[in-house]
Every structure is written in C-alpha cells, then in structure tokens.
Amino acid sequence: MKKKWFSLAAVFVLLAGFLAACGTSDSANGSGEGEEGKKKLIMGTSADYPPFEYIDTAKSDEIIGVDIDIAKAVTEKLGYEFEVRDMDFGGLIQALQSGQVDFVLSAMSATEDRKKNVDFSEIYYTSKHMIVSKKGSDITSLEDLEGKTVGVQLGSIQETKAKDLTEEVDMKVENRNRIPELIQEIKAGRFDAAIIEDTVAQGFFEKDKELEGFTVEDADGGYAIALPKDSELTEEFNKALQEMIDNGELDEIITKWFSGE
Ligand code: ARG
C-alpha cells in the first residue's frame with residue numbers, strides 16, 4: 001500500500017515539474033506561455049524613473065509605477081500576461097529590435113528619430129526638460145551652463161537636447177546609465193547640473209532638499225508604448241490604451257502615483 005502512495009506521489013511531482021516548466025517559459029515575441037495558458041509578453045523598462053518605473057527598496061524589490069500599471073491594464077484587456085525586465089534605458093530600443101522584449105514602457109518619448117526603428121502607441125503623458133543642480137549653484141538659465149559639466153541619461157532625448165545646446169552654450173556633456181547616478185554626480189560636485197524630466201526631477205527634490213531646478217521647454221514627442229516595427233501588437237495595444245484614455249482609467253493611474261501613494 002505504502003509503495004503505491006510513493007509512486008503516486010512521484011507521478012504528481014513529475015507532473016507538477018512538467019507544468020511548471022511549461023509556465024515559466026519567458027522568451028519574448030509572445031512565444032512564452034503564462035500560468036493560465038495566456039501568452040506572456042516581456043516588457044522592457046529602465047526602473048530608475050519614479051513615479052513611472054522604480055523600485056521602492058524600503059518596501060520590496062518589485063518594479064512599480066505608472067508604466068507598470070498601464071502595462072497591467074493593457075495586457076489584461078488583451079488577454080496577455082506580462083513580465084517586466086529591467087535594463088539600462090540606452091539598451092531598450094536595441095532589446096526591442098532584437099526580440100529580447102516584446103514592448104517597452106519606460107517613459108519613452110515618441111520622437112521622429114526613434115520612429116525610424118520602432119512603432120509607437122498613442123501618447124499617454126507629456127513632459128518638460130528640467131535643469132537640475134545643487135541649491136545655491138546660481139544656475140538659473142541655460143546661459144549659466146557656460147563652462148559647466150552637464151549630465152544626461154545615456155540614450156535619452158535629454159542627451160540629444162544637451163548635445164544640441166552645445167552649439168549655443170559652451171558646456172561639457174557627460175552621460176550615465178541611470179538617473180540616480182546623475183543625482184549622485186551632482187551631489188558629489190562632479191556635475192554642475194543635469195537635464196532630467198520635470199516630473200521625475202520633482203520627485204527627487206522632495207526627498208533631497210539639496211537640489212533645485214527650473215524647467216526649460218517641452219520635451220520632444222510625449223511618452224508612448226514602443227513596439228517592434230510593424231508589430232501586430234501595435235494596433236491592439238493602441239486600442240486598449242485609447243480606451244484607458246477615454247474612460248479615465250489612465251488619469252486614475254497617474255493621479256494615484258502622483259499623489260505619492
Ligand atoms: N522621456 C525621455 C526619453 O524618452 C527619458 C526617459 C527615461 N526613462 C527611464 N525610464 N529612465 O528619452
């Protein structure tokens with residue numbers, strides 16, 4: 001009798017293992033299958049960007065924020081599962097093109113330049129460039145950047161903006177992979193300033209009274225979901241996102257994260 005139980009248990013263990021193996025396939029291109037047999041999509045993001053995508057280390061090691069909630073809602077509407085993969089912002093387009101990820105939600109601005117390589121959804125948020133520096137640095141206009149070292153995130157539109165600015169203002173542009181690195185370099189005095197988007201910069205000011213900033217102008221494009229060029233997903237993603245814009249779901253998500261909940 002005992003023996004029979006053992007073999008029955010063994011069958012269960014094997015079966016469980018087999019099912020688990022089916023459920024954890026995480027290849028991109030929608031080829032992975034999630035727990036309920038739903039297609040699993042891989043989302044690429046650079047989790048250094050509160051309140052859009054970040055890790056609240058005091059609470060958990062989970063990536064959270066506006067973009068994660070948008071991804072949750074969109075994929076749920078369309079019957080997919082999704083998994084978030086954290087990578088440097090500068091590598092996201094490449095990851096999309098090589099099929100490492102199925103879509104990108106990373107506060108990525110839909111610029112004409114990027115449109116040559118990827119598809120974008122509707123715009124869901126617009127931002128401004130902000131010049132961030134240490135309080136008392138006397139940097140209050142773009143002209144004040146003359147002779148200064150200015151940090152930007154690698155591959156961002158802020159990097160392009162800074163490079164364009166060097167035609168008018170003689171300044172040195174340096175890049176880093178992650179936003180907190182830019183903040184650190186300012187605090188350490190290695191950068192005089194950094195160009196960061198207003199919403200994200202404001203979040204850092206709340207935590208760090210040493211910093212201040214001023215907005216300069218609207219950033220190019222606006223945030224959109226990026227998908228591989230000519231992807232079949234673009235149309236359905238767009239529909240789902242548009243629905244969220246129309247029925248107030250998107251506003252709700254944004255309000256939730258902006259009120260610092
Ligand atoms: N909106 C800017 C861009 O598209 C910066 C986005 C940075 N995103 C991030 N998760 N770090 O270039």
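Taken together, the values in this text are just the output of simple stated rules run on the coordinates, not laboratory data. Predicted model, so just to flag it, every value in this text is computed and none were measured. Neighbour counts run over all protein chains shown; Cβ positions are idealised from the backbone, glycine included.
Tally the DSSP beta bridges in the chain and give the antiparallel ones as a percent, rounded to 5.
60 percent
Taking just the alpha-carbon atoms of the chain, what radius of gyration and Dmax come out, in angstrom?
Reported Rg and Dmax, both Å: 21.7, 86.
Give me the angle, in degrees from 0 to 90, between the Cα long axis of helix 2-23 and the longest principal axis of the Cα atoms of the chain, rounded to the nearest 10.
40 degrees
Taking the chain as a Gaussian network, Cα atoms linked when under 10 Å apart, which of Gln100, Gln184, Gln242 shows the biggest mean-square fluctuation?
In this elastic network of the chain, the residue with the biggest mean-square fluctuation among Gln100, Gln184, Gln242 is Gln184.
Which one of Ser127, Ser98, Ser109 has the biggest mean-square fluctuation once the chain is modelled by GNM with Cα springs under 10 Å?
Largest GNM mean-square fluctuation: Ser98.
In nm, what is the difference between 0.36 nm times the number of residues separating Glu206 and Thr255 and their Cα-Cα distance?
15.9 nm
Could you tell me which of the pairs Lys128/Lys163; Lys161/Lys239; Lys172/Lys207 are separated by over 25 angstrom between their Cα atoms in the structure shown?
Lys161/Lys239; Lys172/Lys207
To the nearest 10 degrees, how steep is helix 233-246 against the longest Cα principal axis of the chain, on a 0 to 90 scale?
The angle comes out near 70 degrees.
Two-decimal Rg/Rh of region 164-255 from alpha-carbon positions, Kirkwood Rh?
1.08
Using unit Cβ charges (K, R positive; D, E negative) and no other charged atoms, how large, in debye to the nearest 20, is the dipole of region 128-237 about its Cα centre?
Roughly 620 debye, rounded to the nearest 20.
Taking only Cα atoms, what is the 0 to 90° angle, nearest 10, from helix 198-207's long axis to the longest principal axis of the chain?
On a 0 to 90 degree scale, this one is about 90.
Given points 7 Å out from each Cα along the Cα-Cβ axis, report the Glu146 to Lys187 separation in nanometres with one decimal.
Label at Glu146, label at Lys187, 3.2 nm between them.
By how many nm would the segment from Lys115 to Ser98 lengthen if fully extended, with 0.36 nm per residue of separation less the alpha-carbon distance?
Between Lys115 and Ser98, full extension yields 4.5 nm more.
Once you have a ≥ b ≥ c as the square roots of the Cα gyration tensor eigenvalues for region 77-122, tell me rounded if a/c is under 1.5, and otherwise prolate or oblate according to whether a/b is larger than b/c.
Taking the square roots of the gyration eigenvalues as a ≥ b ≥ c, region 77-122 is oblate.
Once you have a ≥ b ≥ c as the square roots of the Cα gyration tensor eigenvalues for region 129-197, tell me rounded if a/c is under 1.5, and otherwise prolate or oblate according to whether a/b is larger than b/c.
Since a/c reaches 1.5 but b/c is at least a/b, the shape of region 129-197 is classed as oblate.
Quick one: what are the phi-derived ³J(HN,Hα) couplings along region 165-181, Karplus 6.51/-1.76/1.60 with θ = phi - 60°, whole Hz, x for glycine and proline?
Karplus-based 3J(HN,Hα) across region 165-181 equals 4, 5, 6, 9, 10, 7, 9, 9, 9, 10, 10, 9, 6, 10, 4, x, 5 Hz.
Where nothing but the Cβ of Lys and Arg (+1) and of Asp and Glu (-1) is charged, how large is the charge dipole of the chain around its Cα centre, in debye to the nearest 20?
With Lys and Arg at +1 and Asp and Glu at -1, about 1460 debye.
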